[in-house]
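In what follows, a structure is listed as structure tokens, so that the remarks can point back to it.
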Amino acid sequence: MTRFIALLLLLSLSGCGSQPYRAAELPSSTAEPSSEVRASLLQQYREWQGVPYLLGGQDKQGVDCSAFTQLTFRQRLGAEIPRTTLAQARLGYQVEMPQLQPGDLLFYRSRVKLRHVGIYIGKGEFLHASTSRGVMISSLNNPYWIQHFWQARRLTD
């Protein structure tokens, strides 16, 4: 029975996989020291702070979470990533919370199909477009985010 479950799990995971971004495919700017990445992400926050959440939005009139991460990677880290949260969740490779580095993507879900993405900025915080407060910085230690954490992914080595 255990072998059957393991085989079933392996087959189900292989159906939704995609090739990860490799470090060579991303500009070297994404491999900057973490303090530089953090500074760049904080600059993005200063420019976007308070922009309201808008499902499907992609500019300062309103932006959703995956568009904000896509724009931030393009503008601050020199990398192109897909538009949707699910496509972004298939990039790179999974990392554990204790190994987080600025620039890692953080994924959350409260229901099976409802997903959220943000970017780790270091010091236990992440940058994201919140449905209730727009572009903001949140603590990883917030009970809501702890309860709904799904995975963290890194796009570079």
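Estimate the FRET efficiency between Arg133 and Leu86 by the formula 1/(1 + (r/R0)^6), using the beta-carbon distance for r and 30 Å for R0, to the nearest 0.05.
Details: r = 23 Å, r/R0 = 0.78.
Between Arg133 and Leu86 the formula returns 0.80.
How far apart, in nanometres, would the label points at Gln101 and Phe149 be if each is projected 7 angstrom from Cα along the Cα-to-Cβ direction?
Once both label points are built, they end up 1.9 nm from each other.
Under a point spin-label approximation (7 Å from Cα along Cα-to-Cβ), what is the Asn141-Lys60 distance to one decimal in nm?
Between Asn141 and Lys60, the label points sit 3.3 nm apart.
What's the long-distance tail for the range 33-154, i.e. % of Cα pairs beyond 21 Å? Walk me through the numbers before you get to the answer.
Numbers: 2132 of 7381 pairs.
In whole percent, the share of Cα-Cα pairs in the range 33-154 beyond 21 Å is 29.
Since every read-out is calculated from the coordinates, none of them should be taken as a lab result. Since this is a predicted model, take the numbers as computed values, not measurements. Backbone-built Cβ (ideal geometry, glycine too); neighbour counts: all protein chains shown.
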